[in-house]
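Visitor: Structure in structure tokens, see below.
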Amino acid sequence: MGVAAKVGGLWIAKPMTYMNLSGEFVRQFAAYHNVAKDELLVVYDELALPLGKIRLRKKGSAGGQNGMKSIIQHFGGDDVARLRVGIGPQPERMDASAFVLGRFTTAQEQELELALDAARDAVELAVSAGIDAAMNKYNPDPA
């Protein structure tokens, strides 16, 4: 149902289910490895964020993302920390699944690499100093 590895003291897990069933895997994984909800950080791609942007949150709605919706349902609340990695915007008249499963251009891949580097750094900071410190450093200032 998924794959997982322990790197240092940190578990990294990836559901291999359909996206809308992600919560089932994450809940079972957390229960099996005795990981509390407040120790989770869910990382996923987000159409609603521009390509290359990242955003951390301690809680919130799924925002239409079916994987996060499933996780919220299986944990019984929206207080699951998440790191969203922007892949948007979705082109008009293009099916969301076709866009998400499509290929990036070379320029987009370079932009995504920078975002993934920032996401890795944000995860490392969240683990070492807490989610608030990571949010303060990596979330954009409000306009």
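Visitor: In sequence order, what are the phi-derived ³J(HN,Hα) couplings for the stretch 99-110 according to the Karplus relation 6.51 cos²θ - 1.76 cosθ + 1.60 with θ = phi - 60°, rounded to whole Hz, with x for glycine and proline?
Guide: With coefficients 6.51, -1.76 and 1.60, one gets 5, 5, 8, x, 9, 8, 6, 4, 5, 5, 4, 5 Hz.
Visitor: Next question, about the same structure. The chain: percent of C-alpha pairs farther apart than 20 Å? Mind showing how you got there, number by number?
Guide: Values: 5054 of 10153 pairs.
Within the chain, distances greater than 20 Å cover 50 percent of Cα pairs.
Visitor: Indicate, rounded to the nearest 5 percent, the antiparallel portion of the DSSP beta bridges found entirely in the stretch 1-122. Can you show the working numbers first?
Guide: Values: 10 of 16 bridges.
Antiparallel: roughly 60 percent of the beta bridges in the stretch 1-122.
Visitor: Taking the Cβ of Glu46 as the center, what net charge do the other residues with Cβ under 12 Å away carry, scoring Lys and Arg +1 and Asp and Glu -1?
Guide: +4
Visitor: Expressed as a whole number of Å, what is the distance separating the alpha-carbon centroids of the stretch 93-127 and the stretch 72-88?
Guide: Measuring centre to centre over Cα atoms gives 17 Å.
Visitor: In addition: Please report, in whole Å³, the volume per residue of the convex hull around the C-alpha atoms of the stretch 76-138.
Guide: Working: hull volume 8.1 nm³, N = 63.
Each residue corresponds to 128 Å³ of Cα convex hull volume.
Visitor: Calculated from DSSP H runs of 4 or more alone, at -39500 (n - 2.57) each and per residue, what is the 222 nm mean residue ellipticity of the chain, nearest 500?
Guide: Details: 5 runs with 59 residues, N = 143.
After summing the helix terms and dividing by residue count, I get -12500 deg cm²/dmol.
Visitor: Taking only the alpha carbons of the stretch 15-91, what extent do you get along each of the three principal axes, in Å, biggest first?
Guide: For the stretch 15-91, the Cα extents along the three principal axes come out at 39, 24, 18 Å.
Quick note: the coordinates plus some simple rules give every number you see, no bench work behind them. All of these numbers come straight from a predicted model, not from anything done at the bench. So basically every Cβ, Gly included, is an ideal-geometry build from the backbone, and we count neighbours across all protein chains shown.
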